[in-house]
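The numbers here are math on the coordinates, done by the rules we state, and not lab data. These numbers come from a predicted model, not from an experiment. Cβ placement follows ideal geometry from the backbone for every residue including glycine, while neighbour counts extend to all protein chains displayed.
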Ligand SMILES: [Zn+2]
């Protein structure tokens with residue numbers, strides 16, 4: 001299994017770097033410069049690029065990386081991705097640095113959005129965040145709720161490698177939804193300490209997300225009650241999710 005580390009990019013993006021010896025792969029390289037610098041500094045050879053979705057802050061660095069390295073580019077078949085050599089729709093198993101990686105279709109943030117599942121490690125782009133989820137730029141609440149359900153069904157120790165450092169902001173919203181959730185209050189303290197020490201808040205585990213992320217808790221009584229106060233029309237999971245997402249958009 002490869003080792004996972006991060007390359008910070010832009011204001012709050014994480015480009016995940018997978019390495020096995022001197023072999024390397026990256027997930028969502030929105031910017032080439034910090035990736036090229038890290039590959040150079042560590043004497044790594046870039047073999048594979050994994051793209052979760054088409055937004056520029058996730059694929060903007062691909063062209064410049066391909067000028068330097070003849071890497072394979074795994075990406076959503078239904079989205080416009082620079083240099084895509086391995087179009088995917090979800091359901092495939094690909095090989096990354098000798099490791100089998102499962103491809104999952106998780107539409108919602110964008111329609112072709114993919115997640116990549118290696119043993120114990122989920123690279124989910126802008127679908128699931130620490131204590132939050134991505135905005136619905138293209139998909140419907142029903143699609144996103146179903147995508148999050150599929151991710152929530154993965155083993156609880158799975159580490160969630162999302163693409164942005166949004167956790168503190170998301171936790172403020174989560175507390176507004178569930179002020180009495182003790183796991184949530186504990187996570188707020190933990191994440192504040194990590195951020196104050198200059199450390200990333202991610203990866204989290206799916207177990208942590210299921211205990212504290214309101215978007216994975218649309219069946220919990222407290223979350224349902226809060227969403228109904230935000231004018232959710234009924235108690236269905238999709239209605240509760242849609243009300244939470246709309247609330248978060250204006251939070
Ligand atoms: Zn995005």
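DSSP beta bridges in the chain, what fraction antiparallel, as a percent rounded to 5?
65
Relative to the compact-globule scaling 2.2 N^0.38 Å, provide the ratio for the alpha-carbon radius of gyration of the stretch 79-225. Each step should come with its number before you reach the end.
Working: Rg = 15.6 Å, N = 147, 2.2 N^0.38 = 14.7 Å.
Normalised Cα radius of gyration, the stretch 79-225: 1.06.
Normalised by the number of residues in the stretch 3-249, what is the relative contact order in percent for Cα pairs under 8 Å and 6+ residues apart? Before the final figure, lay out the partial values.
Numbers: 512 pairs, mean separation 32.2, N = 247.
Averaging sequence separation for qualifying contacts and normalising by length gives 13 percent for the stretch 3-249.
What's the angle, to the nearest 10 degrees (0 to 90), between helix 237-249's Cα axis and the longest principal axis of the chain?
The helix 237-249 is inclined about 80 degrees to the chain.
Send over the Kirkwood Rh of the chain, from the inverse of the averaged 1/r over different Cα pairs, rounded to one decimal Å.
That comes to 18.4 Å for the chain.
What ranking do 218, 133, 84 get, fewest neighbouring Cβ atoms within 10 angstrom at the top?
Final ranking by Cβ density, sparse to dense: 84, 218, 133.
Between helix 182-196 and the chain, what is the angle of the helix's C-alpha long axis to the longest principal axis, kept within 0 to 90° and rounded to the nearest 10?
40
Alpha carbon centre of the stretch 41-113 versus the stretch 168-210: separation in Å?
29
Between 228, 216, 171, where does the largest GNM mean-square fluctuation fall for the chain, given springs only between Cα atoms within less than 10 Å?
Answer for the Gaussian network model of the chain: 228.
With the chain treated as a Gaussian network of Cα nodes joined by springs under 10 Å, which of 132, 198, 43 yields the largest mean-square fluctuation?
Maximum fluctuation in the GNM of the chain, among the listed residues, is at 198.
When the helices in the chain are scored as -39500 (n - 2.57) per DSSP H run of 4 or longer and the sum is shared across all residues, what 222 nm value do you end up with, to the nearest 500 deg cm²/dmol?
-10500 deg cm²/dmol
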